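The values are calculated or read from the model by the stated rules, or taken from the named source; none is laboratory data. Remember, predicted model here, so these are calculated numbers, not experimental data. We place every Cβ from the backbone using ideal geometry, glycine too, and count neighbours over all the protein chains shown. The area values use the complete protein model at the heavy-atom level, side chains included, leaving out ligands, DNA and RNA. Shrake-Rupley method; radii C 1.70, N 1.55, O 1.52, S 1.80 Å.
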Amino acid sequence: MLRSWKVRIGLSILGFFGLLAVFGPLVGQDPRANDISAISQPPSAHHLFGTTQFGQDVLAQTISGARGSMLVGVLAAAIGTLIAVLVGVPAGYFGGAVDNGLNFLTNLFLVMPVLPLILIVAGYVQGTGPFVIALIIGLFGWSGGARTLRAQSLSLSSRDFVLAMRMVGEPHRRLIFFEILPHLTGWISAMFLHGMIGGVMAEAGLAFLGITDSGSISWGTMIQAAQQQSAVLRGLWWWFVPPGLCIALIGTAATLVNFGVDEVSNPKLRVARRSVVVRTRKVVEA
């Protein structure tokens, strides 16, 4: 998979933001420190990303905000993907009453208005920190992936190799973990990446609406603060562009990795390397 330039670029960007989220706040300056001598200052040598209306360094806030946004995105994706696997795969494999019950649950969450429900639950839950926001997003964002995994598991369970292993008495646990799930790796990976993008953007949206904890720093809270202080109208573009650009880069990186995973799992999407094309052409011409 690492032969694909899309995967290498995507993983490099995700790895950079991952390291930034883990080690950035430990080595950067205090994002809440106020410099009254540099209020609403544009990017300069002393403040590379400029400062806010309160004299806070935008670069320090961007580095510190990476931890909150990435934490929400990864946790929300992990929770949503885990629930989708636990619901979708058994439903498609076992069928019958198990499929009817789990499919009813999936359809119930599928037709629910997810965004209004997230807004209502997040508004009533006390202490909406990153973990609570990630839990809420993950609990309401798994139904689409479960529906896809159910369809794929239903197809795989009727394949000849699965039916043959059932006839020789292989336990269901072994069939699911060693025969069904390996064929769903591409789907699960794509689901996790999609969930991570959705988690980061949902956190930014909730923070923009003022639902998340205002005391925490994330890219969403930075955009919210810039909007509240009319940064767009006042021309303070350096206040909201860095967090918005970081969110866009996360989405681009996850999409590139997803394209690479699709090329690996689907041979029809693979692009032949130039060396292989040249050798093949020489053989044909000879």
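At-a-glance table
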quantity	calculated
By average C-beta atoms within 10 angstrom, highest first, the peptides 6-17, 137-148	137-148, 6-17
Residue-normalised accessible area of the range 1-44, given per residue in Å² at a 1.4 Å probe	68
Estimated FRET transfer efficiency (Gln53, Arg8; beta-carbon r; R0 30 Å; 0.05)	0.15
Segment Ser44-Ala151, length gained on full extension (0.36 nm per residue, minus Cα span)	33.1 nm
Residue-averaged 222 nm ellipticity for the chain, from DSSP H runs of 4+ at -39500 (n - 2.57), nearest 500	-23500 deg cm²/dmol
Solvent-accessible area, 1.4 Å probe, carbon plus sulfur percent, for the range 165-265	66
Charge tally in the Cβ shell below 15 Å around Ser12, where Lys, Arg are +1 and Asp, Glu are -1, Ser12 excluded	+3
Carbon and sulfur %, accessible surface of the range 1-105 computed with the full protein complex present, 1.4 Å	71
Extension gain, Leu181 back to Phe161 (0.36 nm per residue minus Cα-Cα distance, nm)	5.8 nm
